[in-house]
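Written out below as structure tokens is the structure these notes cover.
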Amino acid sequence: MTDNTTRIDLLARAAVPTALLKLGLPTMVGMLLSALYNAIDGYFVGGLGLAQMGAVSVVFPIVQIVIGLGMMFGAGAASYLSRLLGQGELVRANQTASTALFTSLLVGGVSIAGILCFLDPILTGLGATATILPYARAYARIYVAGSLLNVFTVTMNNLLTAQGATRFTMLSMLTGSLANVVLDPIFIYGLNLEIQGAAVATVLSLCLSAGLYLGYLLRRKGVLRFSLHAFSPSKALYREILKIGVPVLLFQLLSSASMGLINTQAKRYGDYAVAAMGAVSRVMAVATYVVFGFLKGFQPFAGYNYGARQFRRLKKSIDLCLLWSTGFCLLGALVLGLFSISIVSLFGTDPEMVSLAGKALVLNGLSFIPFGFQMVYASLFLAVGRGAAGSILSLSRQGIFFFPLVALLPALFGLTGVILVQPIADLLSTLLTFLFVRKRRDTLSK
């Protein structure tokens, strides 16, 4: 049996628990390691001071936007690719993958150039104080300039995940993350480059991951074939990619905007508040990316079996994902609640920062419990082409509910209001998900 046949067999005929674990665990580990890039930078930069830690927190939303461009074309194409492979349309699948990859690089390059041209106003708008701005500028110039590699690796990660090549995507991200762990202390402290060293180390680590993906392309491995010859920029093809990809990008944009707004509200109280909310954002990114990563493995399975009309397998996969993701979220909430102070102390030792971050982490941990339930159904609707329902659920917790709350709660309750914004947005998003599932109960049962 060939490697390509094995991957299709996994989607179409393997036992559902086995298929979900083989698809989900590698992507889960890969996404976790991707989130650790920023957590690692925060850990090592935290030893430099509050302003430096605040700088990394301010730049984080920009990086999320750049990653969102890769997600728009990669995740948008992945949903369509899974259905095409389920229907046996390999030529169209190759055209979709090639068009998504080359378009993401073009759009990413133009966007990064624009960000660098207006870097200082952007950093200020994301919450940089007068003391944080010089460090944020030094860090962002290097990291943002090299983040086209992020666009490439994220796009490739999604495209290869769609065809079931999850082990390779996990290896690529693992290699880059381990390299970042090794290089960060060398460049920050060993070479005395301080915060610029963190950016250099991260870009070099991304180079390593990108090199592995490039080697995969050149060896022509996997089901899909990438080439300029297959590049087919048509209105119909972009419609299929963007109807799923645009909600994914909006999710990333809203996530970045929400972090920027939290930083802006927090900077009224000083650098310690910006650093505290940044530490919480990094910890919660690690937790949420575990769920996102596992459900990235679920999406090609759901898309393939929906396209192949194997609805019994699809229903069983939904039930298992609900059980597993909710169990993880319960465990995560317990860990975050019991060890909140120990966790946030990894990012600095300032007493005010640690106290504020600890309280915020406990509240975010409680609201994390129903997160798996929310994301299973958001992922399901996107996987089967129900873009409107999937996008509304995806955008609710850091968009639809978040923006009114971030304007209202800090004005009413001050700094306490700042740390209540995300937990309350999560609670309202859970209620909305219940309403969507209830409304579509008959369709889901069928």
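On the basis of being buried (at least 16 other Cβ atoms within 10 Å of the Cβ) and over 21 Å from residue 103 (Cβ atoms), does residue 201 make the cut? Before the answer, list the steps.
Numbers: buried (at least 16 other Cβ atoms within 10 Å of the Cβ): yes; over 21 Å from residue 103 (Cβ atoms): yes.
So residue 201 fits the description; yes.
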Quiz prompt | Output for region 65-106, where each listed residue is touching a residue at least 60 places away in the same chain (Cβ under 8 Å), open to solvent by less than 10 Å² (accessible area, probe 1.4 Å) and not hydrophobic (A, V, I, L, M, F, W, C) | solution = 68, 70, 74, 76, 82, 96, 98, 99
Quiz item: Across region 104-138, what is the total count of residues that are in a helix (DSSP H, G or I), in contact with a Gly (Cβ under 9 Å, 6 or more places away or on another chain) and among the small types (Gly, Ala, Ser)?
Solution: 4
Quiz item: What number goes with the only condition from (1) open to solvent by less than 20 Å² (accessible area, probe 1.4 Å); (2) in contact with a Pro (Cβ under 7 Å, 6 or more places away or on another chain) that residue 366 does not pass?
Solution: (1)
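Restricting to region 211-223, give me the number of residues that are open to solvent by less than 10 Å² (accessible area, probe 1.4 Å) and within 24 Å of residue 143 (Cβ to Cβ).
As a first pass, look at region 211-223 and keep what is open to solvent by less than 10 Å² (accessible area, probe 1.4 Å): 213, 216, 222.
From the residues that got through so far, the ones that are within 24 Å of residue 143 (Cβ to Cβ) too are 213.
Looking only at that region, the number is 1.
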Quiz prompt | Index of the failed condition, residue 220 passing every other in (1) of a type outside the set (Phe, Trp, Tyr); (2) in a loop (DSSP other than H, G, I, E, B); (3) within 21 Å of residue 64 (Cβ to Cβ) | solution = (3)
Quiz item: Within region 404-422, is there a residue that is part of a helix (DSSP H, G or I), in contact with a Gly (Cβ under 7 Å, 6 or more places away or on another chain) and buried (at least 20 other Cβ atoms within 10 Å of the Cβ)?
Solution: yes
Quiz item: Which condition breaks for residue 2 when tested against (1) open to solvent by less than 20 Å² (accessible area, probe 1.4 Å); (2) of a type in the set (Ser, Thr, Tyr); (3) modelled with pLDDT under 85?
Solution: (1)
Quiz item: Can you tell me which residues in region 5-57 are surrounded by 24 or more Cβ atoms within 10 Å (Cβ to Cβ), polar (S, T, N, Q) and modelled with pLDDT of 80 or more?
Solution: 52, 57
Quiz item: Before we move on, is residue 170 modelled with pLDDT under 80, buried (at least 22 other Cβ atoms within 10 Å of the Cβ) and either assigned to a helix (DSSP H, G or I) or in contact with a Pro (Cβ under 9 Å, 6 or more places away or on another chain) (or both)?
Solution: yes
Quiz item: For residue 190, all conditions in the list (1) free of Cβ contacts under 8 Å to residues at least 60 places away in the same chain; (2) closer than 24 Å to residue 112 by Cα hold save one; what is the number of the exception?
Solution: (2)
Quiz item: Is it true that residue 313 is in contact (Cβ under 8 Å) with a residue 24 or more places away in the chain, of a type in the set (D, E, K, R), open to solvent by less than 20 Å² (accessible area, probe 1.4 Å) and within 26 Å of residue 170 (Cα to Cα)?
Solution: no
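Output yes when any residue across region 285-305 is under 30 Å from residue 81 (Cα atoms), part of a helix (DSSP H, G or I) and of a type in the set (Lys, Arg), and no when none is. Lay out the reasoning, then the answer.
First, the residues of region 285-305 that are under 30 Å from residue 81 (Cα atoms): 285-305.
Subset that is part of a helix (DSSP H, G or I): 285-305.
The next check asks that each one be of a type in the set (Lys, Arg); those that pass are 296.
Yes, that holds for at least one residue.
Being β-branched (Val, Ile, Thr) and under 11 Å from residue 275 (Cα atoms) is the filter here; which residues of region 350-374 pass it? Let's see the steps before the verdict.
Within region 350-374, the subset β-branched (Val, Ile, Thr) is 354, 362, 369.
The one that is β-branched (Val, Ile, Thr) and under 11 Å from residue 275 (Cα atoms): 354.
Would you confirm, using the coordinates I've provided, whether residue 275 is over 22 Å from the mean Cα position of the chain (by Cα), farther than 30 Å from residue 90 by Cα and in a helix (DSSP H, G or I)? Break it down stepwise before answering.
On the way: over 22 Å from the mean Cα position of the chain (by Cα): no; farther than 30 Å from residue 90 by Cα: yes; in a helix (DSSP H, G or I): yes.
It is false that residue 275 is over 22 Å from the mean Cα position of the chain (by Cα), farther than 30 Å from residue 90 by Cα and in a helix (DSSP H, G or I).
To keep it simple, each residue is scored yes or no on (1) open to solvent by 20 Å² or more (accessible area, probe 1.4 Å); (2) more than 30 Å from residue 348 (Cβ to Cβ); (3) basic (Lys, Arg); (4) in contact (Cβ under 8 Å) with a residue 60 or more places away in the chain.
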| site | (1), (2), (3), (4) |
| --- | --- |
| 205 | no, no, no, yes |
| 232 | yes, yes, no, yes |
| 240 | yes, yes, no, yes |
| 258 | no, no, no, yes |
| 264 | yes, no, no, yes |
| 267 | yes, no, yes, yes |
| 271 | yes, no, no, yes |
| 275 | no, no, no, yes |
Practice problem: Spot the failing condition for residue 344; the list is (1) touching a Lys or Arg at 6+ places or on another chain (Cβ under 8 Å); (2) open to solvent by less than 20 Å² (accessible area, probe 1.4 Å), and only one is missed. | Solution: (1)
Quiz item: Of the numbered conditions (1) open to solvent by 20 Å² or more (accessible area, probe 1.4 Å); (2) farther than 20 Å from residue 266 by Cα; (3) not hydrophobic (A, V, I, L, M, F, W, C), residue 429 satisfies every one except a single condition; which is it?
Solution: (1)
Quiz item: Which of (1) part of a helix (DSSP H, G or I); (2) touching a Gly at 6+ places or on another chain (Cβ under 9 Å) is the odd one out, the single condition residue 349 does not satisfy?
Solution: (1)
Quiz item: Among the residues of region 282-319 satisfying the criterion of being at pLDDT 85 or above and hydroxyl-bearing (Ser, Thr, Tyr), which is nearest to residue 345 (Cα to Cα)?
Solution: 288
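The values are calculated or read from the model by the stated rules, or taken from the named source; none is laboratory data. Treat the numbers as computed from the prediction; the structure is a model and nothing was measured. A quick note on method: Cβ atoms are made from the backbone with ideal geometry, for glycine too, and the neighbour counts reach across all protein chains shown. Each accessible area value is taken on the protein alone, full model and side chains, heavy atoms only, with ligands, DNA and RNA left out. Shrake-Rupley method; radii C 1.70, N 1.55, O 1.52, S 1.80 Å.
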